[in-house]
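Asker: I have a structure I would like to understand better, so I am pasting it below and will then ask my questions one at a time.
Derivation of every value follows stated rules applied to the coordinates shown; laboratory data play no part. Just so you know, these numbers come straight off a predicted model, no measurement behind them. Please note: Cβ atoms are built from the backbone with ideal geometry, for glycine as well, and neighbour counts cover all protein chains shown.
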């Protein structure tokens, strides 16, 4: 059977954590054309359940990439509207999925694989990253890039025709590169950076088939490395911790 060379992505964009996800994901999605892939992006207000399910049916993508807040059994889009849960996880049947989100590899990912998803890559803990509030831009943020680059490596490697196992290995390699870098760093943020990088690396999970591809066109290149991303040197600045979170308040509110 011919491999569908189509990509569907949801990209939330409504508060600090998703602003970072949005900018990095959109930059990565801009490369799909060079790999011969057709990409449909549900960005911002379009990242909702209705448009997700409608486009799953009309686009029939091989690869589904979801960017937003998550919990163990659900994943949200814009304004924390739930896009994917155990009730509609069958929409991933016959597809490869990457969820750049917290916790979903605990129950949602296994549920997707049990429902016929070929491969699900996600995280089974909270994905943590640090940022520089005085960064010139989110792309050039000297702290956030060490988390965003390995996170973006999964789809980038898949775009190049690599297998799901190869994409996972590339991302793990970039995490290790960052861990080595911050182990040697004298930056006062080094201990916090190391703790967060180790948690994110450890929590990344590949579920289902390790041999899936989203395109037969192989245009392999080495993994991207965070210190290859240009960024602005500036004065010392305050650092803020943010989570691609579990949206605890949202779920508590809905349960009341």
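Asker: Per the Kirkwood treatment, what hydrodynamic radius in Å, one decimal, follows for the stretch 6-255 from the mean inverse distance over all distinct Cα pairs?
Answerer: After inverting the pairwise mean of 1/r, the radius is 18.0 Å.
Asker: OK, next. Would you mind ranking 146, 182 by Cβ crowding within 10 Å, fewest neighbours first? All intermediate terms of the calculation are to be shown ahead of the outcome.
Answerer: Working: 146 26, 182 21.
Lowest to highest Cβ neighbour count: 182, 146.
Asker: Based on other C-beta atoms within 10 Å, arrange 145, 162 from fewest to most.
Answerer: Lowest count first: 162, 145.
Asker: Please state the relative contact order of the stretch 72-112 as a whole percent: Cα pairs under 8 Å, 6+ residues apart?
Answerer: Over the stretch 72-112, the number comes to 51 percent.
Asker: Per-residue counts of other Cβ atoms within 10 Å, averaged by peptide: what ranking do you get for 200-210, 26-36, highest first?
Answerer: Packing proxy ranking, top to bottom: 200-210, 26-36.
Asker: Per residue and in cubic angstrom, what volume does the convex hull of the Cα atoms of the stretch 44-105 have?
Answerer: Values: hull volume 4.7 nm³, N = 62.
It comes to 76 Å³ per residue, whole-number rounded.
Asker: Restricting to Cα pairs below 8 Å that are 6+ residues apart, what does the relative contact order work out to for the chain? Please round to a whole percent.
Answerer: Values: 557 pairs, mean separation 55.4, N = 256.
Computed value for the chain: 22 percent relative contact order.
Asker: Further, regarding this structure: Is it possible to state the helix-based mean residue ellipticity at 222 nm for the chain, with each DSSP H run of 4+ residues giving -39500 (n - 2.57), the sum divided by total residues, to the nearest 500 deg cm²/dmol? What is it?
Answerer: -11000 deg cm²/dmol
Asker: Share of antiparallel DSSP beta bridges in the stretch 65-179, in percent to the nearest 5?
Answerer: Antiparallel bridges make up about 45 percent of those DSSP assigns within the stretch 65-179.
Asker: Here is a further query. Output the relative contact order of the stretch 2-76, whole-number percent, from Cα pairs under 8 angstrom with separation of 6+ residues. Spell out each step's value before the answer.
Answerer: Working: 106 pairs, mean separation 36.1, N = 75.
About 48 percent, as a whole number.
Asker: Give me the percent of DSSP beta bridges within the stretch 6-255 that run antiparallel, rounded to the nearest 5.
Answerer: For the stretch 6-255, the DSSP antiparallel bridge percentage is about 45.
Asker: Taking Cα atoms, how many degrees apart are the long axis of helix 145-159 and the longest axis of the chain, rounded to 10 and kept between 0 and 90?
Answerer: For helix 145-159, the angle is close to 30 degrees.
Asker: Nearest 10 degrees, 0 to 90: what angle lies between the long axis of helix 49-59 and the longest principal axis of the chain (Cα atoms)?
Answerer: Taking Cα atoms only, the helix is inclined about 60 degrees.
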